[in-house]
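Take a look at the structure below.
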Amino acid sequence: MLNKINKIFENKELYLILLIVILAQLILSFQGFDVCDEGFSLTFYQQIYNNPSSVEYNFVYWLSGVFGGLWYQVYPEGGILWFRILTIIFNIATFTISYKILKHHIGKNHALIGLSMVLFVNDFGYLVFYHNHLTQFLAVLSIYFLFKGLKNVNYLFLIISGFLLGINVFSRLPNVTLFIFILAIPYFGYLKGYSYKKSIKPMLNFIVGIVIGFIAIFCLLNYLGQVDIMKNALLSLVHLGEAEDSGHNIKRLFLVDISNYKIILTLFSQLLIIYIILMTILNYVKTNKFIKGVIYTFGFLVLVLLVKKGNVHFLYTLGFIGTIGVLLIKTTTRSTKVLAFLSILMMVFLPLGSGGGIKSSGYMCIWLAVPFFFYFLSQIKNVSFILETTKVTITKGVSKRVIKNMSIILVLAYFASKTYSVSQEAYFDKGNRFDKTHIIKNKYVNGIFTTEERAKIINDLLLNIENYVEPEDYLFAYDNIPMIHFLTETKPYLYNPWVWIYDSASFKRKINKAEEEIEVLPIVVQQKFETIFEFSKPMVDYLDETKNDSNSYSQKRTIIMNNFLKRNDYRVVWSNAYFNIYRTNKR
């Protein structure tokens, strides 16, 4: 009993931080209503055990659907709020495992500060549970077992690590890039002075774990009768990768990655210049408290702007500085270097394959890397700047105290920026949170508050669409309103609740397939305004075929949609400024 009490006091900082971050996440969970990403995931969880073929495309995130579907079965009426609670559970689990990995190597305080920053990286708060939350949890857990397996020469842990990576591929298919973690095994051997031959056996055990993971997934797919659906989903993904107007073709993904790293390099340069200027000035005014206060205030404001501008790229910059810096320090222990190496691998390779790269998926890749920044700074005893000319050489040092103070200013600036940003928006639901006091009249949105305008727009549609569809009916929701499926308990007609994801060729292919395989023609609900990022004003030309292509509009897809409506003799049966509801005259 006494030992348990002692352990509690030893980890009091962890428990205090966990309490704070849990409460913060809970408070943020009650506000914000998104009809895009959250609807895409929630419809998947609602249908994976009910009508899995209707969410065929979502099977590229199949394992998240398995977890989400089970959570839905536990409490179907829990709705959006229930799944945001699941997000908190996975976030806290990832936070805690990361802390356990780091605390003995970089120190508790550095770990807690860095992990808290990662937890609040997104300006909008939190989404319902989806594949990225499961991805980050399994990736960090895999590193935990891999690291312990290497340190303790425990082959079972290496197999478990490989197994976790194997099943993680089915949380999000690009997670296959994490197989690169295997490089940590020969790197560890190199640091220990072993021959590379000694790394072969642990690497084979790691690979065996991956294979077992794949076999386990196949057995579960087979048990659920979903093997063919998975095959079709994989085929759809291949087609998306081939199309020119797809956001997932190889060329576009490569350009996205290049763009992200340009931003990181720019931020690194800006951060370096800011720190050099501020620390140099502070070193000259050591005794003048007023000027020092002015400089610190100025530095705080500049860093607030830099955090706001950089967002996840800002933390990526800190992560690279910390991990690379630790690798270059000669006194760093072997174990700490292995952790830094794994952190870099996770940062670099996990975002690959994502449509937005680091910008959209980077927040799940930096759990271990960011805390290294503060550890790296703590290892710097002093910094010297040398100005050398033909006649004179000036050397000026910066004390450890100044470095520490600037680190504190950076942390304060970060949380100040994030606090303001989160107060001004939820995900795809912009506006001050004090204005989000209105409800949507649907059992799945209980406990969720949004703006008056957004609530009125959705309530108007829900009140009228119930005259045309019932639960278990097929519905064709065009094109950025997948949440309507979840709220009406309807099955997606095009094997995907969010048809905007399809490029024009895939969209046409899925329409043809649905017309052949599904006997009934569905009710069609079509939006007439933009819903990505924020709700726009109504657009009378939403289905105009003559507009220029953009991120939200595809001329080819619009033509295909209009042809489908004409071919099947659809007529508008209800309409307002924001939506049309169509029903076919065919029998």
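Looking only at the stretch 19-54, filter to residues that are in contact with a Pro (Cβ under 6 Å, 6 or more places away or on another chain) and not hydroxyl-bearing (Ser, Thr, Tyr); which one of those is surrounded by the fewest Cβ atoms within 10 Å (Cβ to Cβ)?
Start the filter on the stretch 19-54 by keeping residues that are in contact with a Pro (Cβ under 6 Å, 6 or more places away or on another chain), which leaves 39-40, 43, 54.
The next check asks that each one be not hydroxyl-bearing (Ser, Thr, Tyr); those that pass are 39-40.
On the way: 39: 25, 40: 27.
Out of the qualifying residues, it is 39.
Scan 373, 341 and give me the residue that is open to solvent by 40 Å² or more (accessible area, probe 1.4 Å), aromatic (Phe, Trp, Tyr) and either at pLDDT 90 or above or touching a strand residue (DSSP E or B) at 6+ places or on another chain (Cβ under 7 Å) (or both).
Details: 373 fails: open to solvent by 40 Å² or more (accessible area, probe 1.4 Å).
Just one listed residue meets the conditions, 341.
Take residue 562 and tell me if it is polar (S, T, N, Q), part of a loop (DSSP other than H, G, I, E, B), at pLDDT 95 or above and open to solvent by less than 60 Å² (accessible area, probe 1.4 Å). Lay out the reasoning, then the answer.
Values: polar (S, T, N, Q): yes; part of a loop (DSSP other than H, G, I, E, B): no; at pLDDT 95 or above: yes; open to solvent by less than 60 Å² (accessible area, probe 1.4 Å): yes.
Against the criterion (polar (S, T, N, Q), part of a loop (DSSP other than H, G, I, E, B), at pLDDT 95 or above and open to solvent by less than 60 Å² (accessible area, probe 1.4 Å)), residue 562 does not qualify.
With the requirement that a residue be open to solvent by 10 Å² or more (accessible area, probe 1.4 Å), over 30 Å from residue 134 (Cβ atoms) and either assigned to a loop (DSSP other than H, G, I, E, B) or free of Cβ contacts under 8 Å to residues at least 60 places away in the same chain (or both), what does the stretch 184-207 give you?
If the condition is that a residue be open to solvent by 10 Å² or more (accessible area, probe 1.4 Å), over 30 Å from residue 134 (Cβ atoms) and either assigned to a loop (DSSP other than H, G, I, E, B) or free of Cβ contacts under 8 Å to residues at least 60 places away in the same chain (or both), then 190, 193, 194, 195, 196, 197, 198, 200, 201 are the ones that fit.
In the set 444, 495, which member is crowded, with 19+ Cβ neighbours inside 10 Å, in a loop (DSSP other than H, G, I, E, B) and either of a type in the set (Asp, Glu) or within 25 Å of the chain's Cα centre (by Cα) (or both)? Before you say what the answer is, go through the steps one by one.
Details: 444 fails: in a loop (DSSP other than H, G, I, E, B).
That would be 495, the only listed residue that is crowded, with 19+ Cβ neighbours inside 10 Å, in a loop (DSSP other than H, G, I, E, B) and either of a type in the set (Asp, Glu) or within 25 Å of the chain's Cα centre (by Cα) (or both).
Among residues belonging to the stretch 139-156 that are free of Cβ contacts under 8 Å to residues at least 40 places away in the same chain and closer than 19 Å to residue 343 by Cβ, point out the one that is most open to solvent (accessible area, probe 1.4 Å).
Here the answer is 148.
In this structure, does residue 181 turn out to be more than 24 Å from residue 60 (Cα to Cα), surrounded by 13 or more Cβ atoms within 10 Å (Cβ to Cβ) and not hydroxyl-bearing (Ser, Thr, Tyr)?
Numbers: more than 24 Å from residue 60 (Cα to Cα): no; surrounded by 13 or more Cβ atoms within 10 Å (Cβ to Cβ): yes; not hydroxyl-bearing (Ser, Thr, Tyr): yes.
Here the answer is no, as residue 181 does not meet what is asked.
Would you check if residue 481 is in a helix (DSSP H, G or I) and within 23 Å of residue 233 (Cβ to Cβ)?
Details: in a helix (DSSP H, G or I): no; within 23 Å of residue 233 (Cβ to Cβ): yes.
For residue 481, the condition - in a helix (DSSP H, G or I) and within 23 Å of residue 233 (Cβ to Cβ) - is not met.
Scan the stretch 274-297 and report the pairs whose first residue is assigned to a loop (DSSP other than H, G, I, E, B) and whose second residue is open to solvent by less than 60 Å² (accessible area, probe 1.4 Å) and basic (Lys, Arg), with Cβ atoms within less than 9 Å and a gap of 6+ or a chain change.
285/292; 286/292
Which one of the conditions (1) open to solvent by 10 Å² or more (accessible area, probe 1.4 Å); (2) under 25 Å from residue 257 (Cα atoms) does residue 334 fail to meet, given that it meets all the rest?
Result: residue 334 fails condition (2) only.
Residues checked against (1) of a type in the set (Gly, Ala, Ser); (2) under 19 Å from residue 558 (Cα atoms):
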position: 484; (1), (2): no, no
position: 496; (1), (2): no, yes
position: 502; (1), (2): no, yes
position: 505; (1), (2): yes, yes
position: 515; (1), (2): no, yes
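The values are calculated or read from the model by the stated rules, or taken from the named source; none is laboratory data. A quick note: this is a predicted structure, and the numbers were derived from the prediction, not measured. No Cβ is skipped: glycine too gets one built from the backbone with ideal geometry, and neighbour counts run over all protein chains shown. The area values use the complete protein model at the heavy-atom level, side chains included, leaving out ligands, DNA and RNA. Shrake-Rupley method; radii C 1.70, N 1.55, O 1.52, S 1.80 Å.
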